[in-house]
Amino acid sequence: MARAFAPELLERLRAAKHVAVLTGAGVSAESGVPTFQGGFWGKYSPEEMATAAGFRKNPSLVWNWYGERRRELANVHPNPGHYALAQLEQRGVRCTVITQNIDGLHQKAGSTRVIELHGSLLRAKCFSCEAAAPAGWEQATQSPPPCAVCGSWLRPEVVWYGENLPPKAWDEALDASCECDLFFSIGTASQVYPAASLPQEALRAGVPVAEINPDYTPLTAAMTYVLRGPSGQVLPELLAATWPK
Ligand code: BV8
């Protein structure tokens, strides 16, 4: 049974020139990438694995953990949710994808305006001098490999807890959130800041916000539209309802 969407939402999407979309782990769940809910950290903790202090304490443990996550990426592919956002762009709608994900699946699906707020598993840099890792760093045997510039450790180019987001990425994300015609918050539990403040910034700027999530989040009550369900199903259905063949 086709999902019913608010006619006003369909109208707004049909008329939108610029759409901004905040995504979290949920948008990649149907691709087989584990979310951070339930057991993700397993026997480890965010403090141990996703902080500079944790890396300093045990650099090879953290390097290998991210290496494992990167190798797993080789077997995952974008799902219909990622492709629907790329299709929005192909329809001539300016679609700014602001992602908390480090899996690169939006780009793989064809989205060209992707802001990686928390970095990427596909890049590495020096823990000390921040020099970009030399080509072929993925094949290095030492864990972590040494920086070719200062000899310190390489680290994954992701944003760890207690670290600032890349200023340029944050500024672009904030601008897009407040200047767009329609904002979507997709597959995020809206608990990690400052990313979770973006839907609120959009609302404050008078932009309608639609949340796509099978579950409630701390921001659901404030949303203009709530689309309950997995994004891999909801997004293709929303585009089909907005632009019926
Ligand atoms: C910072 C990269 C300045 C590494 C990540 C204000 C209030 C409280 C705390 C803070 C605050 N400001 C700052 C903080 C501290 C902290 C923070 O927010 N802590 C939280 C936990 C309370 N923030 C920071 O440290 C940030 N830096 O603020 O710097 C500063 C500097 C010094 C001192 C203070 C401040 C940096 C945060 C970035 C950390 N790095 N990732 C890595 O991945 O290993 S965060 C990582 O976890 C992800 O990137 C993402 O952001 C987060 C996971 O959240 P989600 O993506 O939402 O995923 P989750 O699994 O939780 O939820 C999935 C959702 O999808 C669920 O709702 C589920 O229902 C839904 N779902 C499931 N299936 C589907 C689905 N939806 C649709 N379809 C489906 N099929």
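The values are calculated or read from the model by the stated rules, or taken from the named source; none is laboratory data. The structure presented is a predicted model; accordingly, all values stated were derived computationally and were not measured. Glycine gets a Cβ as well: all are built from the backbone with ideal geometry, and neighbour counts include every protein chain shown.
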Restricted to the range 202-221 and to residues being surrounded by fewer than 17 Cβ atoms within 10 Å (Cβ to Cβ) and either within 14 Å of the ligand (Cβ to nearest atom) or β-branched (Val, Ile, Thr) (or both), the residue nearest to GLN233 (Cα to Cα) is PRO214
Log entry, pairs with first residue in the range 53-64 being modelled with pLDDT of 95 or more, second being among the polar types (S, T, N, Q), beta carbons closer than 6 Å, six or more apart or on different chains, reads SER60/SER143; TRP63/SER143; ASN64/SER143
Only one of (1) surrounded by fewer than 18 Cβ atoms within 10 Å (Cβ to Cβ); (2) under 18 Å from the mean Cα position of the chain (by Cα) does not apply to VAL27, and that is (1)
The lone condition MET1 fails out of (1) over 18 Å from ALA109 (Cβ atoms); (2) modelled with pLDDT of 95 or more is (2)
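What do you reckon, is ASN75 in contact with an Asp or Glu (Cβ under 8 Å, 6 or more places away or on another chain), polar (S, T, N, Q) and touching a residue at least 40 places away in the same chain (Cβ under 8 Å)? Full working, then the answer.
Working: in contact with an Asp or Glu (Cβ under 8 Å, 6 or more places away or on another chain): no; polar (S, T, N, Q): yes; touching a residue at least 40 places away in the same chain (Cβ under 8 Å): yes.
The answer is no for ASN75.
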Scanning the range 212-245 residue by residue, those under 16 Å from the mean Cα position of the chain (by Cα) and over 18 Å from ALA86 (Cα atoms) turn out to be ASN213
When every residue in the range 48-64 that is crowded, with 18+ Cβ neighbours inside 10 Å and under 19 Å from the mean Cα position of the chain (by Cα) is compared, the one farthest from the ligand (Cβ to nearest atom) is MET49
Any residue at all in the range 125-142 that's among the basic types (Lys, Arg) and surrounded by fewer than 16 Cβ atoms within 10 Å (Cβ to Cβ)?
no
For ALA20, the lone unmet condition from (1) buried (at least 18 other Cβ atoms within 10 Å of the Cβ); (2) at pLDDT below 90 is (2)
Check your understanding: Is one or more of the residues making up the range 31-40 surrounded by 14 or more Cβ atoms within 10 Å (Cβ to Cβ), within 26 Å of ARG228 (Cα to Cα), in contact with a helix residue (DSSP H, G or I) (Cβ under 9 Å, 6 or more places away or on another chain) and among the polar types (S, T, N, Q)?
Key -> yes
